[in-house]
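Novice: Mind having a look at this structure? Questions to follow.
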Amino acid sequence: MRCLNVLILPVPSASSITVTVTGIAEFVAGIFRSTQQQTLILMSSLTLQSKFKLSDGNEIPVLGFGDSVVRFVFVKIVPMQFIGTYELDGQDAYKSVMWALEVNTHCKPYDHCIAHTDTLQAGYRHIDSAEWYENERECGRAIQDFCAETGTPRAEIFYTTKLKNNAGVAATRKAIRKSLAECGLGYIDLYLIHGPWGGPQARKDAWEAIVEAQKEGIVKSIGISTFGVGHMRELLETGLPAPAVHQIDLHPFMTRSEIVKFSTEHGMTLEAWGSLARGMRMKHPYILELATKYRKQPAHIFLRYSLQKGFVPLVKSSSQNRIIDNTHIFDFELSTEEVVQLDSSNENLVTDWDPTDSP
């Protein structure tokens with residue numbers, strides 16, 4: 001069955017819930033009869049430790065923590081309010097990842113509390129980095145130190161990094177091994193092509209090397225980032241294995257319905273970077289209305305929306321309080337009508353960069 005929605009499978013304990021990504025096209029069509037109103041209903045028992053099952057059989061935690069430094073993008077520049085994200089130097093990246101891994105989700109926002117030994121397992125277990133961010137070493141060291149200090153197995157931490165340049169098979173092989181050495185984690189859970197630049201042959205060459213790395217076992221799952229439908233179609237036509245993950249900017253004001261539909265129909269789980277719209281729509285009337293109704297912060301509405309769409313939202317912050325606060329999204333649920341209404345807020349808002357129509 002083609003992949004697009006999720007089914008919650010019964011499991012022994014809520015702390016180990018696994019969400020299996022499976023065919024949603026028929027499910028959505030039967031409920032909404034409209035590709036503009038695709039939504040996912042997730043059980044309220046989801047927790048920070050819940051996972052989606054990828055098309056390759058691996059599992060990915062439902063909420064990710066990312067440290068990004070975006071410098072200059074050598075692709076078509078589109079109109080936007082600004083270019084870039086929060087720039088974290090090495091030490092800030094290390095501290096932020098440690099805070100994320102140690103988060104005690106029982107703490108209230110702004111209580112300045114970190115988990116003690118008996119609650120350390122409550123933290124984020126999904127860390128997102130990239131060669132471009134220049135913090136792979138710090139992210140990897142934070143994961144290693146956390147695991148050593150707490151006895152947490154490396155296998156419990158899902159680590160993502162990304163290819164900076166699509167510069168050929170040999171260059172991609174070299175980049176993968178460099179990223180592996182930088183993080184020092186023994187293997188990479190998810191490796192992505194960071195963007196579609198370079199043209200069809202450059203994308204094919206990079207993907208060939210990434211598929212090769214997956215076969216070697218140094219990369220567990222593979223995927224793409226910020227690809228347009230044309231880019232994905234070209235990649236699938238090469239006959240190489242399809243991506244398991246597509247990471248792209250998704251939020252109520254950038255729904256990308258065609259890209260979402262194509263990705264999910266071809267078995268890709270969607271990760272949402274920019275899931276908070278870079279803070280640009282926190283005062284939107286409907287966001288504020290829902291925040292008031294559920295006694296939540298506007299950011300929680302964005303993140304809960306993402307979860308209920310079946311996306312894996314990525315959040316980032318150098319603030320310990322915000323890192324904790326962003327996990328408080330598992331104790332409420334938006335209605336189907338509210339998710340549909342949020343979908344209708346789409347305005348194709350570009351908050352950072354958009355190479356989806358690059359050659």
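Novice: Report every pair of residues separated by at least 6 positions or lying on different chains whose Cβ atoms are under 6 Å apart, first residue within the range 290-303 and without any contact (Cβ under 8 Å) to a residue 12 or more places away in the chain, second of a type outside the set (D, E) and part of a helix (DSSP H, G or I).
Specialist: Listed by first residue and then by second, the contacts come to A291/P298; A291/I301.
Novice: Can I ask one more? Against the condition under 17 Å from L270 (Cβ atoms) and over 18 Å from the mean Cα position of the chain (by Cα), how does D354 come out, does it pass?
Specialist: It is false that D354 is under 17 Å from L270 (Cβ atoms) and over 18 Å from the mean Cα position of the chain (by Cα).
Novice: Let me ask something else about it. Checking the structure you have, find out if any residue of the range 270-290 is within 29 Å of D56 (Cβ to Cβ), surrounded by fewer than 19 Cβ atoms within 10 Å (Cβ to Cβ) and of a type in the set (G, A, S). First the steps, then the outcome.
Specialist: The first filter runs over the range 270-290 and keeps only residues within 29 Å of D56 (Cβ to Cβ), leaving 270-276.
Then drop every residue that is not surrounded by fewer than 19 Cβ atoms within 10 Å (Cβ to Cβ), which leaves none.
Among the residues of the range 270-290, not one is within 29 Å of D56 (Cβ to Cβ), surrounded by fewer than 19 Cβ atoms within 10 Å (Cβ to Cβ) and of a type in the set (G, A, S), which makes the answer no.
Novice: Mind telling me which of the residues P196, P153, P200 ends up being in contact with an Asp or Glu (Cβ under 7 Å, 6 or more places away or on another chain) and modelled with pLDDT of 95 or more? Step through it out loud before you land on a result.
Specialist: Details: P196 fails: in contact with an Asp or Glu (Cβ under 7 Å, 6 or more places away or on another chain); P153 fails: in contact with an Asp or Glu (Cβ under 7 Å, 6 or more places away or on another chain).
Selected residue: P200, the only one of P196, P153, P200 that is in contact with an Asp or Glu (Cβ under 7 Å, 6 or more places away or on another chain) and modelled with pLDDT of 95 or more.
Novice: Given the options Q91, Q81, Q144, name the one that is of a type in the set (S, T, N, Q) and modelled with pLDDT of 95 or more.
Specialist: Details: Q91 fails: modelled with pLDDT of 95 or more; Q81 fails: modelled with pLDDT of 95 or more.
Only one candidate qualifies: Q144.
Novice: While we're looking at this one, here's another question. Does K261 qualify as being surrounded by fewer than 21 Cβ atoms within 10 Å (Cβ to Cβ), closer than 26 Å to E337 by Cα, touching a helix residue (DSSP H, G or I) at 6+ places or on another chain (Cβ under 7 Å) and of a type in the set (D, E, K, R)?
Specialist: On the way: surrounded by fewer than 21 Cβ atoms within 10 Å (Cβ to Cβ): yes; closer than 26 Å to E337 by Cα: yes; touching a helix residue (DSSP H, G or I) at 6+ places or on another chain (Cβ under 7 Å): yes; of a type in the set (D, E, K, R): yes.
So K261 fits the description; yes.
Novice: Tell me, which residue of the range 195-212 that is crowded, with 24+ Cβ neighbours inside 10 Å and touching a residue at least 60 places away in the same chain (Cβ under 8 Å) is farthest from the chain's Cα centre (by Cα)?
Specialist: If we take residues in the range 195-212 being crowded, with 24+ Cβ neighbours inside 10 Å and touching a residue at least 60 places away in the same chain (Cβ under 8 Å), then P196 is farthest from the chain's Cα centre (by Cα).
Novice: Let me ask you something else. Restricting to the range 311-321, count the residues that are more than 14 Å from R125 (Cα to Cα) and out of contact with any helix residue (DSSP H, G or I) (no Cβ under 8 Å at 6 or more places or on another chain).
Specialist: So the first thing to find is which residues in the range 311-321 are more than 14 Å from R125 (Cα to Cα), and the list is 311, 317-321.
Next, only the ones that are out of contact with any helix residue (DSSP H, G or I) (no Cβ under 8 Å at 6 or more places or on another chain) stay: 311, 319, 321.
Total satisfying the criteria: 3.
Novice: Have a look at I224, I188 and point out the one that is closer than 14 Å to S129 by Cβ and either within 22 Å of the chain's Cα centre (by Cα) or at pLDDT below 95 (or both). Quick ask: steps written out before the conclusion?
Specialist: Working: I224 fails: closer than 14 Å to S129 by Cβ.
Only one candidate passes the filter, namely I188.
Novice: Against the definition (more than 21 Å from A100 (Cβ to Cβ), of a type outside the set (V, I, T), modelled with pLDDT of 95 or more and buried (at least 19 other Cβ atoms within 10 Å of the Cβ)), how does F158 come out, yes or no? First the steps, then the outcome.
Specialist: On the way: more than 21 Å from A100 (Cβ to Cβ): no; of a type outside the set (V, I, T): yes; modelled with pLDDT of 95 or more: yes; buried (at least 19 other Cβ atoms within 10 Å of the Cβ): yes.
No.
Novice: Further question on the same structure: Identify all residues within the range 330-349 that are aliphatic (A, V, I, L, M), touching a residue at least 60 places away in the same chain (Cβ under 8 Å) and farther than 11 Å from H251 by Cβ; write none if there are none.
Specialist: Hits for the range 330-349 are V339, V340.
Novice: Inside the range 287-307, can you point out the residues that are under 14 Å from the mean Cα position of the chain (by Cα) and polar (S, T, N, Q)?
Specialist: S306
Let's see how each residue does on (1) in contact with a Gly (Cβ under 8 Å, 6 or more places away or on another chain); (2) under 30 Å from R154 (Cα atoms); (3) not β-branched (V, I, T):
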site: I210; (1), (2), (3): no, yes, no
site: I224; (1), (2), (3): no, yes, no
site: T238; (1), (2), (3): no, no, no
site: A242; (1), (2), (3): yes, yes, yes
site: L250; (1), (2), (3): yes, yes, yes
site: V260; (1), (2), (3): no, no, no
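The values are calculated or read from the model by the stated rules, or taken from the named source; none is laboratory data. Keep in mind that what you see is a predicted model, and the values were worked out from it rather than measured. Glycine also receives a Cβ, built like all others from the backbone with ideal geometry; neighbour counts cover every protein chain displayed.
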